[in-house]
Amino acid sequence: MQKGKIDIFYGPCWCDEGKGKIVDSALYKRGQEGNQYKAVVRFQGGPNAGHTLYRAGVKCVLHQIPSAVFYPDVLLVSSSGVVIDPILYVSEVAEIQENFSIDVAPRLRISHRAKLISPLAPLLDRAEESRRTGVRGDTNKVGTTGKGIGVAYASDRARTGMRLGDILAPDFMEKFETLFAFEKMHLAFHVEKFAYEYNEEEIAIRKQKWLEAIEVMRAYMIGDVEHEVRTILREGGDVLAEGAQGSMLDIDHGDYPYVTSSSTLPQEILLSLGVGPEYIGERIAIMKWYNTKVGGGAFPSRMDAELEKKFQEAGGEFGATTGRPRMCGWLDLAVLRYVFDLSSPTKVVVTKADICAVDEVGIATGYTEYADGSFPYALADVQDVAVEKMPGWPGWNPKESPELPPALRAYLERLEAFFQTCDSKPLLYAVSIGPEHEDMYYWKN
Ligand code: IMP
């Protein structure tokens, strides 16, 4: 029997590329073809992500649960590489039930090796950010989502942290109290040294809520889910891997320290799920036709303030997790070439093609000082960015005229020509032309 494959959907930029919607559309298409994926796996990150789906105009923002909630036969897997906040996880399950009358609980599969975000991790995350602000000034903040992501990954690597499997063990409370006391000491250090302020009552409430959420989570399927997924693959079932953060936020290859604390490249699925490279299927890079970024760090292709405002408004460019306005920039081919070299995409999906509020658009074609194709150690070192201008397609409404306007076609053909110059020569596969799962234009199959 032929074994199954893992198709990996990931973002080659800084995030917010529309990954959730494209995963939703891919599941819809495969369902119609009678060839549905058996599972969708979140393999890195945690509640820092915010993937937005729509059903009949109703918004569904998923932070930790994979974007397959609307497909009753698809398992919702969190593999070993993710960090989980039990309070937020449980409330996400409840929200899906409340807003869409879908009980996802029987389909949840959480690895016992997934990492727990402790009750104090978000506070420590914010304390670290406030210390960085004090020491180096506001512009050098990492600009984290404040969800405790870095703290959870750091304590896992230091082997002081807790994993989901621990909540099923008899000595759970002992381990929990030890970690809690340790992190409280760390917090006291921030108070003493850096005048960080927190509220004891807030901590007591969080601790209580966290332990209550753990009780709820014990009823979910927590165990060797990697084995379950390997069995699916061995028996010929296909699996979809859903990246949470974009490649430029990768802990090793991104613009450190303005990155997240996990490996965000598609190959991370191999380690997180524990499978060999033979199972890798398509690598599908999902990117907006323009760029956005939130948090600290340089953004070489950023637009001027007036244009940025237009894109923020037209594209609703405000964080799904934090509500922060996103910086907007032109698509950056230096970044894309770098990330394509790191990740070998086979296909590209371009999103938000229906959003264009300007008569003239740009593509950042390269960094002048890095004409040899090398990539800067720090993006802040980039001084000069070459930008090519092309006509825009303002006012296009795909609901009224479904054909792609000529200016958009020309832009996409320009991108295709660029893809041909990259080693992996990915195929421009589809264009997203609206927020619902059916709003897709298949460029090439
Ligand atoms: P953290 O992941 O919360 O530690 O944040 C580290 C950096 O990654 C910050 O610049 C965040 O703004 C950014 N980041 C993390 N997750 C997301 C996301 O889902 N969308 C956009 N930016 C993100």
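We did not get these values from a lab; they are worked out from the coordinates using the rules stated. Owing to the predicted nature of the structure, the values given are computational and were not obtained by experimental measurement. Here Cβ is always computed from backbone atoms with ideal geometry, including for glycine, and neighbour counts include all displayed protein chains.
General remarks:
- Note on the range 44-123 and the range 372-407: Cα centroid distance 32 Å, given to the nearest whole angstrom.
- Extension gain, ARG218 back to TYR442 (0.36 nm per residue minus Cα-Cα distance, nm): 76.4 nm
- Under Karplus coefficients 6.51, -1.76 and 1.60, residue-wise ³J(HN,Hα) of the range 181-192 in Hz, glycine/proline x: 5, 5, 6, 5, 4, 4, 5, 4, 4, 5, 5, 5
- Cβ-Cβ FRET estimate between ARG409 and ALA188, R0 fixed at 60 Å, reported to 0.05: 0.50
- Per DSSP, loop trypsin sites (Lys or Arg not before Pro) in the range 374-416 with at most 11 further Cβ within 10 Å: LYS399
- Taking a Cβ cut-off of under 10 Å around LYS5, the surrounding Lys, Arg, Asp and Glu residues balance to a net charge of -3, with basic ones at +1 and acidic ones at -1.
- Full-extension gain in nm, LYS29 to SER91, via 0.36 nm per residue minus C-alpha separation: 19.4 nm
- Which of VAL142, ALA181, VAL216, positive extreme of dipole for the range 115-239 (C-beta unit charges): VAL142
- DSSP-loop trypsin sites (Lys or Arg not before Pro) across the range 99-177, with at most 15 other Cβ within 10 angstrom: ARG159
- Cβ-based exposure ranking for THR264, THR160, THR52, in which fewest neighbours within 10 Å come first: THR160, THR52, THR264
- Exposed GluC sites (Glu not before Pro) absent - longest run of the chain, DSSP non-H/G/I/E/B, at most 16 other C-beta within 10 Å: 236-399
- Long-range lysine pairs (8 or more apart or interchain), the range 139-262, Cα under 19 Å: 10
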